[in-house]
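What follows is calculated from the coordinates using simple rules that are stated; it is not laboratory data. The structure displayed is predicted, hence computed values, not measured ones. Glycine gets a Cβ as well: all are built from the backbone with ideal geometry, and neighbour counts include every protein chain shown.
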Amino acid sequence: MSKQPSSYLSSKLEARPKANGSGNGIFSLELIRKGELVAVFGGVVYEWDAFIHLPERDRSLCIQVEDRLFLVPRPIGEGDYVNHSCNPNAGLSGQIGLVAIRDIKVGEEVCFDYAMSDTMPYDEFECGCGQPTCRGKVTGNDWQKPELQKRYAGFFSPHVQRKIDAMRKEKRAFEQAMRMAKKFVSPMPLYE
Ligand SMILES: [Zn+2]
């Protein structure tokens with residue numbers, strides 16, 4: 001049986017325990033340039049109803065790849081230990097690719113923001129990333145925050161981007177309806 005992990009991790013990175021003892025992370029061994037591919041996730045795709053019954057470890061190492069679909073690593077590899085940060089240096093390219101969104105120095109931990117992939121409440125936690133931009137609690141609804149939509153433009157998973165586009169379309173339609181409604185309101189008082 002092959003022991004090859006289902007994910008790919010660039011040879012410029014390695015997984016190791018974090019200095020603060022809060023589990024594993026992936027760290028750069030060489031300078032990584034903005035736009036470089038750092039990892040590709042792999043595994044088995046589960047639908048939400050089956051996924052929520054998997055062991056906690058499986059659920060914490062997975063990535064949401066579509067509405068109600070989750071990619072669970074089988075077998076787990078180094079590339080599956082990418083953590084969340086509210087000030088990430090990596091973002092998604094497609095559903096399973098991870099690219100540097102800025103230059104990454106040697107020794108830096110490579111993280112992405114789970115808002116780029118998550119739209120469901122399967123991995124919500126109090127964030128301890130310690131970044132000035134830390135939002136405190138990470139939830140499955142964070143992709144709806146306008147400031148994150150702006151900051152991570154181009155780095156959301158396609159299924160999240162579709163939701164963002166639909167949300168914007170709805171907002172535009174609402175604003176247009178409001179403008180039309182105003183236009184047809186009589187400027188004259190109804191009763192003298
Ligand atoms: Zn944070």
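Once the other residues with Cβ under 13 Å from the Cβ of S93 are scored (Lys, Arg +1; Asp, Glu -1), what is the net sum? Each step should come with its number before you reach the end.
Working: positive: K34; negative: E36.
Counting the neighbours of S93, the net charge comes to 0.
Among bridges DSSP assigns within the chain, what percent are antiparallel (round to 5)? Write out the running numbers ahead of the final one.
Working: 25 of 27 bridges.
Here the antiparallel bridges make up roughly 95 percent for the chain.
How would D113, D118 line up from fewest to most surrounding beta-carbon atoms within 10 angstrom?
Details: D113 28, D118 23.
Fewest to most other Cβ atoms nearby, the residues stand as D118, D113.
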Quick check on packing: order 89-98, 14-23 by the mean number of other C-beta atoms within 10 Å, highest mean leading. 89-98, 14-23
Cross-link candidates for K18: which aspartates and glutamates have Cα within less than 19 Å, leaving aside residues fewer than 8 places away along the same chain? E30, E78, D80, E108, E109, D113, E126
Give me the distance in nm between label points sitting 7 Å out from Cα along the Cα-to-Cβ direction at E47 and K34, one decimal. 4.3
What's the exposure ranking of C134, C129, going from fewest to most Cβ atoms within 10 Å? C134, C129
Lys and Arg at +1, Asp and Glu at -1: add these up for the other residues within a Cβ distance under 13 Å of E170 and post the number. +4
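How much of the calculated P(r) for the chain lies past 22 Å, in percent of all Cα pairs?
Values: 9445 of 18336 pairs.
When every Cα pair of the chain is considered, 52 percent fall beyond 22 Å.
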Quick check for you: which residues of the range 87-125 have the amide N under 15 Å from the point 7 Å beyond the Cα of K163 toward its beta carbon? 95, 113-125
Which entries of K105/K169; K105/K137; K12/K169; K137/K171; K34/K163 have Cα-Cα distances beyond 29 Å here? K105/K169; K12/K169
Rounded to the nearest 500, what is the chain's calculated 222 nm mean residue ellipticity when only DSSP H runs of at least 4 contribute -39500 (n - 2.57) each, over all residues? -6500 deg cm²/dmol
If each residue of separation counts as 0.36 nm, what is the full-extension length gain between F184 and E66 once their alpha-carbon separation is subtracted? 38.3 nm
